[in-house]
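The values are calculated or read from the model by the stated rules, or taken from the named source; none is laboratory data. Everything numeric here is computed off the predicted structure, so don't read it as measured data. Positions of Cβ are backbone-derived with ideal geometry, glycine not excepted, and every protein chain shown enters the neighbour counts. Heavy atoms of the whole protein, side chains included, go into the accessibility calculation; ligands, DNA and RNA do not. Shrake-Rupley method; radii C 1.70, N 1.55, O 1.52, S 1.80 Å.
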Amino acid sequence: GESAEEIVSYALTELGMPPKLACLVFQPEEGMPFELAIRTWALFLSYLKTLGKDSLKFLCSMLRYTEVLNQVLAVLVTHLPQVEGRQAGRRAGGGGKKQKSREEISEDASSSEIGGADAAGEGEEADTILALRDVVTNARLLGEEEYVVRGSASVYHALLHLMPSSVCSWFTELRDRQLIASVESYTS
């Protein structure tokens, strides 16, 4: 039998995605640089934005049968920008906004699987989040380290908007308390 990744890859090609891109998303080449993985996922998510609501919903349901999204999220969140300034303000009782609990993040994300927002943040995050097209092309000619941080943030942000229920499912399965706190801090 075929693996779930092969089935989803086949479905993607049937929906018009180039087979090479589908292959890179679901079966990345051994030793592929992380920058290329970020660029591949940005291109993949840009493609998903072009799908109709029903096709996107179908694809999201198929992705749940693979480990690909969980694997990508596990790596992406380790490269998200640090938010110590916002954390410190909250711990000290400063005027920062209230940190969302794990349950609040789950409720926010599970309200809908299909989102429509662009990859633009607000406040401090607007400086970090790039449009997916900028991640694909590295239009701002960022250095490797900055590209990894900003590209990871942009892909994570796009995943939150395109597949909130899938991201929520991944998040609720986390067991590492430090990672949970880091993701909660960044996401809130």
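Summary of computed values
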quantity	calculated
FRET efficiency, F58 to Q82 (Cβ-Cβ, R0 45 Å, nearest 0.05)	0.75
Cα→Cβ-extended label distance, 7 Å offset, between A74 and E6, nm	2.3
Region 145-186 versus region 1-27: alpha-carbon centroid distance in Å	23
Mean accessible surface per residue for region 23-70, computed with a 1.4 Å probe while every protein chain stays in place, in Å²	52
Global form of region 1-54, assessed from the alpha-carbon gyration tensor, a/c cut-off 1.5	oblate
